[in-house]
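Some notes on the structure that comes next.
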Amino acid sequence: MTRPRNLEKHLLAGGAPYSVVPLSAVERSEWRATVGAYRAAVGFADRPAPLMTSPAANPKLGKSGSWGLSLLPAMESVEWNTCYASTRDCRRLCLNTAGRGQFSDVQRARLWRVRLLADHPGMFVRALGDEIRRLPHGTPVRLNVLSDIAWERVAPDLFDEPYGFYDYSKRTDRGPIPPSYHLTVSATEHTDDDELAPLAAMYGSSVAVVFSTRKGEALPTSWKGLPVVDGDEYDDRRRDPVGVVVGLRAKGRAIGTVGFVRSVA
């Protein structure tokens, strides 16, 4: 079986950085037809659909009124790897199938977007830019709802737009990070506690840690000398103080596991 290809590497080799110049009327018509064809290939009606997920369609995004690009994570598309730095536990416990993600239509929607980005990156990025520009200025935008692509390299001009970009990342090789892009590093099962402070400082932001704390229970107020903020209260991480632990409660398949999840009393 062929191993999934690194999507980011493919994008960078295929012409990045990509332009965000608006599509012309003719190009928009062609783009709508292309989107319809890719949707039809995975069982949807042959008609266009947005690239981004609205706050109303994703409860996590909805907590901050954010819009996001939802691609299948890691190697779930079989053809492409959208999170090449993901760890075993990250893939095993991924929130891809949480909530509405358990339904086939959601998985197929994430799949056609991966395929479309891989096959038509230039048009995809320009169409994505058009969608973002239709939002009110200042709207929070999350480009990696489930993926971990270095958009600052793939389409750096996106970050010149007047919006609040933010993401989580398990990578330590991202950058240079534009001033309008906030990155929170995510701890993994391989992250030692003494590495948390340096990770929080890596992109001048914070570090996310998953705890065994149950829903409705209070997270620890500090962890290994760093203050903890409740990451489940809102999704827009730009609101966090610098140098904190973003505490997240274990959800779905992560409940009751150890390693990736830090145990608290």
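The values are calculated or read from the model by the stated rules, or taken from the named source; none is laboratory data. Fair warning: this is a prediction, and the values are worked out from it, not measured in the lab. Neighbour counts are summed over all protein chains in view; Cβ atoms, including those assigned to glycine, are modelled from backbone coordinates with ideal geometry.
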Looking at the range 174-185, can you tell me whether even one residue there is under 15 Å from the mean Cα position of the chain (by Cα) and either touching a residue at least 60 places away in the same chain (Cβ under 8 Å) or at positive phi (or both)? yes
If you take just the helices (runs of 4 or more DSSP H) that sit entirely in the range 18-121, which of them hold at least 1 residues that are of a type in the set (Asp, Glu) and modelled with pLDDT of 95 or more? 25-40, 104-119
Counting only residues that are surrounded by fewer than 22 Cβ atoms within 10 Å (Cβ to Cβ), assigned to a strand (DSSP E or B) and not hydroxyl-bearing (Ser, Thr, Tyr), the range 209-227 contains a total of 4
Which of the residues belonging to the range 100-124 are surrounded by 15 or more Cβ atoms within 10 Å (Cβ to Cβ) and either closer than 24 Å to Ser64 by Cα or among the aromatic types (Phe, Trp, Tyr) (or both)? Gly101, Val106, Gln107, Ala109, Arg110, Trp112, Arg113, Phe124
Of Leu61, Leu71, the only residue that is within 19 Å of Phe165 (Cα to Cα) and touching an Asp or Glu at 6+ places or on another chain (Cβ under 7 Å) is Leu61
Of the residues in the range 13-31, those that are surrounded by fewer than 17 Cβ atoms within 10 Å (Cβ to Cβ) and closer than 24 Å to Leu146 by Cα come to Ala13, Gly14, Gly15, Pro17, Ser19
Of Thr82, Thr53, Thr34, Thr87, the only residue that is within 27 Å of Asp157 (Cα to Cα), touching a His at 6+ places or on another chain (Cβ under 7 Å) and surrounded by 14 or more Cβ atoms within 10 Å (Cβ to Cβ) is Thr34
Of the conditions (1) of a type in the set (Ser, Thr, Tyr); (2) surrounded by 21 or more Cβ atoms within 10 Å (Cβ to Cβ); (3) more than 17 Å from Leu11 (Cβ to Cβ), Ser180 clears all except one; give me its number. (2)
Residue satisfying condition, being acidic (Asp, Glu), surrounded by 22 or more Cβ atoms within 10 Å (Cβ to Cβ) and closer than 27 Å to Leu12 by Cβ, within set Asp160, Asp167, Asp173: Asp167
Which one of the conditions (1) assigned to a loop (DSSP other than H, G, I, E, B); (2) modelled with pLDDT of 95 or more does Arg3 fail to meet, given that it meets all the rest? (2)
Considering the range 43-57, residues that are more than 22 Å from the chain's Cα centre (by Cα) and in contact (Cβ under 8 Å) with a residue 40 or more places away in the chain, and then whichever is farthest from Glu79 (Cα to Cα), we arrive at Phe44
Can you name every residue in the range 183-194 that is crowded, with 17+ Cβ neighbours inside 10 Å and either among the aliphatic types (A, V, I, L, M) or assigned to a helix (DSSP H, G or I) (or both)? Leu183, Val185, Ala187
Taking the stated definitions as given, is Ser86 within 26 Å of Thr172 (Cβ to Cβ), in contact with a helix residue (DSSP H, G or I) (Cβ under 6 Å, 6 or more places away or on another chain) and of a type in the set (Gly, Ala, Ser)? no
